[in-house]
Amino acid sequence: MSRELTPSELEAFPSLDWSDIAPRLTSALRSSLEKVLETQNGADLSLAESYALANSEGDDLLGLLVAANTLRAELAGNIVTYVVNRNINFTNICFVGCKFCAFSRGPREADTYFLTLGQMAQKAVEAWQLGATEVCIQGGLPRDLPKFHYRDILRAVKNAVPRMHIHAFSPMEIVYGVELTGMPLADYLSMLRDNGLGTLPGTAAEILDDQIRHILSANKLSTALWVEVIRTAHRCGIRTTSTLMYGHAETPAHWVRQMRLLREIQSETGGFTEFVPLGFVHQNTLLFHQGLARTGPTLAEHLKVHALARLLLAGSINNIQVSWVKLNRRLSQLCLHAGANDYGGTLMEENISREAGATAGQYTSPEDFQSLILEMGRIPAERNTTYSRINIKLPLTECTAEQSLEAEFA
């Protein structure tokens, strides 16, 4: 019978090779992992095999982590990417009432704010001057928002910084924009694209299971509607990220089903750029204080979700990102050893996780990312939003002058 691993045993897994751990695994789980390692395609795993991986414990869990890291090296190499960006949360006023959110405020609360279009444009200018290539724009959903406000945000930013990539508006915000304007979904998304929207965050996904979604937020868009927005965005030529929030009221079975759904969408559209596991930050949330959620993910869950994503999404979504704002320095590195290959964005001004109780900070500089990555023995590289340009960043002390030049890969 499997036993629960101690934190020290879990943290030591990066020192293991597949040949070290494989003989210690149960035969069924070893067979599943060897199959994915051979084919480099998570589609070869059955639903039952996927559930078994998600519920692995003891040596089997170590095997999962080592296999995911082995597969990461084969699919993504030793490069760890990041993007220089700025987060702009343009308002904290919101009527949705998600119980996992500590960022939103009612319209009459004392600490509400609502940035003007000019203020948002100025933030984009400041970000560009600091080397950012992307602004990530999301906000609360206030009542009586001007019906073309999301379009006007895009225009303001693009007028101020024409070359800035705008990664903006969750599927929930898109649905709200459709309600405000009365436009068909495809027409609304096309309008945003034509006014400067580059890519769409695949947030507001949380867990794509309506029973769990009702616990998290009774007013949030349904699973079917989230999927419709994402599929439509992809058909309109707007690529998106994909996400999953773990460590609250869900089970490992929910992780598996969500990853398989994302894989299904990707096979139809090819529109996902990456998958981002988001650990639930519980401290300041109503969900936790009402006894509806556990105290966030365990160390085993953090590592398992990232490893599971690498294996189940292999051959479909091959960029797996760590959300450093929800993890501490050491844990983010461990998750990169467990199958992830991307550090996300510098952010410059992260608010949502911080309000919920995260303590990783609001900004990680490119130099900090490079240090963290080099410390792991991996190669740091700055990317653009869609991973179509990757510039390797190595300090002169660790490479030749020729290697220190930015290497661009189309």
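We did not get these values from a lab; they are worked out from the coordinates using the rules stated. In this text the structure is predicted, and so the values were computed from the model without any measurement. Here the Cβ is made from the backbone with ideal geometry for all residues, glycine too, and neighbour counts use every protein chain on show.
For the reader, a short list of remarks on this structure follows.
- log₁₀ of I(q)/I(0) at q = 0.15, 0.19, 0.26 Å⁻¹ - region 7-76, Debye sum with one point per alpha carbon: -0.44, -0.71, -1.28
- Diffusion constant of region 62-111 at 20 °C, which comes from Stokes-Einstein with the Kirkwood Cα-pair radius and 1.002 mPa s, µm²/s: 140 µm²/s
- Per-residue Karplus couplings for region 379-386, computed as 6.51 cos²θ - 1.76 cosθ + 1.60 with θ equal to phi - 60°, are listed in order as 9, x, 8, 7, 10, 8, 4, 9 Hz, Gly and Pro entered as x.
- Cross-link partners of Lys123 among lysines (Cα-Cα below 17 Å; sequence separation of 8 or more within a chain): Lys158
- Springs join every pair of Cα atoms under 10 Å in this Gaussian network model of the chain, and among Phe272, Phe280, Phe114 the largest mean-square fluctuation is at Phe114.
- With Rh defined as the Kirkwood radius, the inverse of the mean 1/r over Cα pairs, the Rg/Rh of region 79-397 is 0.93.
- Estimated FRET transfer efficiency when R0 is 45 angstrom, pair Leu130-Met183 (beta carbons, to 0.05): 0.80
- Phi to ³J(HN,Hα) by Karplus 6.51 cos²θ - 1.76 cosθ + 1.60 over region 329-334, Hz, x for Gly, Pro: 4, 5, 5, 4, 5, 4
- Segment Ser19-Asp152, extension gain: residue separation times 0.36 nm, minus the distance between their alpha carbons: 42.3 nm
- Amide H contacts of Ile93: Arg105, Tyr113, Gly140, each under 5 Å away and 5 or more positions distant or on a separate chain (H built 1.01 Å from N in the peptide plane; Pro and chain starts excluded).
- Kirkwood Rh, angstrom, region 89-200 [1 / mean 1/r, Cα pairs]: 14.5 Å
- Cα long-axis angle, helix 117-129 against the chain (0 to 90 degrees, to the nearest 10): 40 degrees
- In this rough spin-label picture, where each label sits 7 Å from Cα along the Cβ direction, the Ala218-Arg389 distance is 4.8 nm.
- Inter-probe distance in nm under a simple model that places probes 7 Å from Cα toward Cβ, at Ala12 and Lys35: 3.2 nm
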